[in-house]
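Readers should treat all values here as calculations from the given coordinates under stated rules, not as data from a laboratory. On a predicted model such as this, the values are computed, not experimentally measured, just so you know. Please note: Cβ atoms are built from the backbone with ideal geometry, for glycine as well, and neighbour counts cover all protein chains shown.
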Number of protein chains: 4
Amino acid sequence: MENDNTLRRLKTVEGHLRGVIRMVEEDTYCIDVIRQIQAIEGALNKVSSIILEDHLNSCVITAIQGSDKKERERVLKEITEVFEMSAKV
Amino acid sequence: MENDNTLRRLKTVEGHLRGVIRMVEEDTYCIDVIRQIQAIEGALNKVSSIILEDHLNSCVITAIQGSDKKERERVLKEITEVFEMSAKV
Amino acid sequence: MENDNTLRRLKTVEGHLRGVIRMVEEDTYCIDVIRQIQAIEGALNKVSSIILEDHLNSCVITAIQGSDKKERERVLKEITEVFEMSAKV
Amino acid sequence: MENDNTLRRLKTVEGHLRGVIRMVEEDTYCIDVIRQIQAIEGALNKVSSIILEDHLNSCVITAIQGSDKKERERVLKEITEVFEMSAKV
């Protein structure tokens with residue numbers, strides 16, 4: 001996994017989330033809180049895309065070029081599953 | 001492409017959409033129209049997943065097992081792109 | 001409901017969807033089909049927003065300024081429901 | 001704002017996010033990380049809905065029953081905006 005970039009982004013999201021918690025504690029205007037939560041979700045989507053891209057370029061290539069048909073099917077099924085879920089969150 | 005299943009689903013969506021148009025023409029309650037539009041979007045997500053699954057099990061396997069590195073990269077990049085977009089629509 | 005704008009947009013979506021059906025019939029490249037489906041979903045989201053905006057400025061105002069507490073609660077509950085669903089489709 | 005419930009949920013999300021950071025540090029399988037990120041996004045959507053529901057039942061009612069037309073328009077416009085954005089994240 002391209003760990004450094006992913007980790008850095010997740011830690012930024014963590015800081016952002018802590019800011020949102022503070023906003024709620026300080027009774028910030030609801031809509032501003034919702035907007036910040038939506039910004040966090042956008043950042044998380046980006047992290048997921050980066051992880052997926054890395055996954056495709058490592059595990060997926062290995063599995064598809066390998067001789068284990070079951071493993072190949074499993075790996076491809078997972079891609080469809082996270083794609084399907086990504087539309088729902 | 002697993003055409004038959006995809007086509008059947010898209011034609012169902014077309015019928016559903018025509019129903020929504022009729023609802024708007026007949027001044028149906030706004031929230032009920034929005035709910036039907038959301039149902040259509042759910043059905044479209046499902047169609048996209050089916051097309052992607054089929055794509056992974058055909059073009060993607062062929063590209064990854066092939067010798068053209070550029071083609072392989074292109075095909076994997078596309079997966080990340082539609083994944084990223086799926087979170088946005 | 002601001003019918004004309006909504007209807008026009010929905011009919012554009014219908015034409016777009018018919019184009020996608022043709023693409024599938026003609027065995028267009030899977031990823032291009034998925035991208036067109038995502039474009040349709042984006043257009044449907046826009047239609048939902050327009051309908052919601054109109055709904056807020058008519059029914060919701062009437063209900064909230066009215067004396068029927070139950071009706072007011074119902075109308076507000078619906079907004080939360082379509083908001084919650086919009087994240088899932 | 002219904003602070004307690006919202007705060008409790010956000011702190012749970014914070015713990016969840018910290019778990020995901022640990023997963024990345026420990027090189028957990030990519031797809032499992034993506035799934036956890038998607039679970040976090042689902043939880044954040046739920047928090048947004050709760051905040052919106054509370055907002056509708058307080059600020060929005062006050063604004064709509066008030067005499068300031070500009071304020072009323074502003075408050076309703078915001079609802080449409082977060083609704084539109086919710087489909088994009």
Open item on the list: outside any helix (DSSP H, G or I) and surrounded by fewer than 23 Cβ atoms within 10 Å (Cβ to Cβ): is that true of B:ASP27 in this structure?
Closed with: yes
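With the structure loaded, tell me whether D:LYS88 is under 30 Å from C:GLY42 (Cβ atoms), among the basic types (Lys, Arg) and either facing chain A (nearest Cβ under 8 Å) or without any contact (Cβ under 8 Å) to a residue 24 or more places away in the chain (or both) or whether it fails that test.
Working: under 30 Å from C:GLY42 (Cβ atoms): yes; among the basic types (Lys, Arg): yes; either facing chain A (nearest Cβ under 8 Å) or without any contact (Cβ under 8 Å) to a residue 24 or more places away in the chain (or both): yes.
Yes: the conditions hold for D:LYS88.
Is the range D:40-57 home to any residue that is over 13 Å from the mean Cα position of the chain (by Cα), crowded, with 21+ Cβ neighbours inside 10 Å, at the interface with another protein chain (Cβ under 7 Å from one of its Cβ atoms) and under 17 Å from C:THR80 (Cα atoms)?
Yes, the range D:40-57 contains at least one residue that is over 13 Å from the mean Cα position of the chain (by Cα), crowded, with 21+ Cβ neighbours inside 10 Å, at the interface with another protein chain (Cβ under 7 Å from one of its Cβ atoms) and under 17 Å from C:THR80 (Cα atoms).
From the list D:VAL75, D:VAL13, D:VAL20, D:VAL33, which one is crowded, with 17+ Cβ neighbours inside 10 Å and either in contact with a His (Cβ under 6 Å, 6 or more places away or on another chain) or more than 8 Å from chain A (Cβ to nearest Cβ) (or both)?
Working: D:VAL13 fails: either in contact with a His (Cβ under 6 Å, 6 or more places away or on another chain) or more than 8 Å from chain A (Cβ to nearest Cβ) (or both); D:VAL20 fails: either in contact with a His (Cβ under 6 Å, 6 or more places away or on another chain) or more than 8 Å from chain A (Cβ to nearest Cβ) (or both); D:VAL33 fails: either in contact with a His (Cβ under 6 Å, 6 or more places away or on another chain) or more than 8 Å from chain A (Cβ to nearest Cβ) (or both).
Of the residues listed, the single one that is crowded, with 17+ Cβ neighbours inside 10 Å and either in contact with a His (Cβ under 6 Å, 6 or more places away or on another chain) or more than 8 Å from chain A (Cβ to nearest Cβ) (or both) is D:VAL75.
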Task: Meets criteria (in contact with an Asp or Glu (Cβ under 9 Å, 6 or more places away or on another chain) and more than 25 Å from C:LYS70 (Cα to Cα)) for D:ARG18 - done: yes
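Of the residues D:VAL60, D:VAL82, only one is free of Cβ contacts under 8 Å to residues at least 60 places away in the same chain and surrounded by 22 or more Cβ atoms within 10 Å (Cβ to Cβ); which? Show your work before the answer.
Working: D:VAL82 fails: surrounded by 22 or more Cβ atoms within 10 Å (Cβ to Cβ).
Exactly one residue qualifies, and that residue is D:VAL60.
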